[in-house]
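Participant: Starting off with a structure, shown below.
What follows is calculated from the coordinates using simple rules that are stated; it is not laboratory data. Note that this is a predicted model, so its numbers are computed, not measured. Note that we place each Cβ from the backbone using ideal geometry, even for glycine, and neighbour counts take in every protein chain shown.
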Amino acid sequence: MSGTLNKVMLIGHLGDEVKLHYFEGGNCIGRFPIATNESYTNKQTGEKVTTTEWHNIVVRNKAAEICEKYLNKGDKIYVEGRLKTRQWQGEDGVTKYTTEIHVQDFTFLTSKQESMSGGQQAPSGNPAASAKAPKAEKPEPTGTMATSEQDDDLPF
């Protein structure tokens, strides 16, 4: 394979509210952390161990505004994007680095009722919203497949 690929897919829970920053010209950027968990059983002790990994998420423009409007801390989300590493000079003169996921596509996995009640119920299988990051306008509920043609494409 001669090409390269930079693609990240995550399903996790928001660790904080979406923070927006507006620029001159009307563009904006939204940032928020999401947590992913891995659970396993320690074979020596039989104890269940859960580790949490934190990811810095970046969304731009209309997608950022949608995320700020509809997402709350604790909500479950699917994000797809690219890894990018930034560096900057800290106040102490030390060069600092961070790795971020720049979102290209996302789907809200917490329903509106779950988000409003603050409950973390199991997802119903129907995401509450899905949008392409660059051209997202507003979340749209997705329904079940209605046509037999869509059912025929299922691999099982």
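Participant: Taking the Cβ-Cβ separation of residue 69 and residue 16 as r and a Förster radius of 22 Å, what is the calculated FRET efficiency to the nearest 0.05?
Facilitator: On the way: r = 16 Å, r/R0 = 0.71.
Here the calculated transfer efficiency is 0.90.
Participant: Here is a further query. Give me, ordered by chain and number, the residues 5 or more places off residue 110 or on other chains with an amide H under 5 Å from its own placed amide H.
Facilitator: Residues meeting the criterion, in which the H sits 1.01 Å from N, are 76, 128.
Participant: Give me 14, 20, 83 ranked fewest to most by other Cβ atoms within 10 Å of their Cβ, as a rough exposure proxy. Spell out each step's value before the answer.
Facilitator: Numbers: 14 20, 20 16, 83 12.
In increasing order of surrounding Cβ atoms, one gets 83, 20, 14.
Participant: Take peptides 100-108, 4-12 and line them up by average Cβ neighbours within 10 Å, highest first, as a rough protection proxy.
Facilitator: Details: 100-108: 19.9, 4-12: 12.0.
The peptides rank, most packed first, as 100-108, 4-12.
Participant: On a 32 Å Cα-Cα criterion, which of the cross-link pairs 48/69; 48/76; 62/84; 76/96 come out too long?
Facilitator: Working: 48/69 36 Å; 48/76 23 Å; 62/84 20 Å; 76/96 29 Å.
Table pairs above 32 Å Cα-Cα are 48/69.
Participant: Subtract the Cα-Cα distance of residue 96 and residue 2 from 0.36 nm times their separation in residues, and report this length gain in nm to one decimal. All intermediate terms of the calculation are to be shown ahead of the outcome.
Facilitator: On the way: separation 94, 0.36 × 94 = 33.84 nm, distance 3.22 nm.
Difference between extended and current length: 30.6 nm.
Participant: Do any GluC sites (Glu not before Pro) in region 1-85 lie in a loop, going by DSSP, with at most 11 other beta-carbon atoms within 10 Å of their beta carbon, and if so which? Please list the in-between numbers first.
Facilitator: Numbers: sites: 17, 24, 38, 47, 53, 65, 68, 80; in loops: 17, 24, 47.
Listed in order of number, the matching sites are 24, 47.
Participant: Per the Debye formula with a single identical scatterer at each Cα and no solvent contribution, what log10 I(q)/I(0) holds for region 1-98 at q = 0.23 Å⁻¹?
Facilitator: -1.20
Participant: At a 10 Å Cβ-Cβ cut-off, how would you order 111, 2, fewest neighbours first?
Facilitator: Working: 111 20, 2 3.
By the 10 Å Cβ count, ascending: 2, 111.
Participant: What does the charge count around residue 83 come to, taking other residues whose C-beta lies under 13 Å from its C-beta (Lys +1, Arg +1, Asp -1, Glu -1)?
Facilitator: Details: positive: 7, 82, 84, 86; negative: 80, 100.
Surrounding charge for residue 83 is +2.
Participant: Can you check what the net charge comes to around residue 6, using other residues whose Cβ is under 9 Å from the Cβ of residue 6 (Lys, Arg +1; Asp, Glu -1)? Walk me through the intermediate numbers first.
Facilitator: Numbers: positive: 7, 82, 84; negative: none.
Neighbour charge sum, excluding residue 6 itself: +3.
Participant: Explain nothing, just compute: Karplus ³J(HN,Hα) = 6.51 cos²θ - 1.76 cosθ + 1.60, θ = phi - 60°, for every residue of region 81-88 in order, whole Hz, x for Gly and Pro.
Facilitator: 3J(HN,Hα) across region 81-88, in whole Hz: x, 10, 7, 9, 10, 10, 9, 8.
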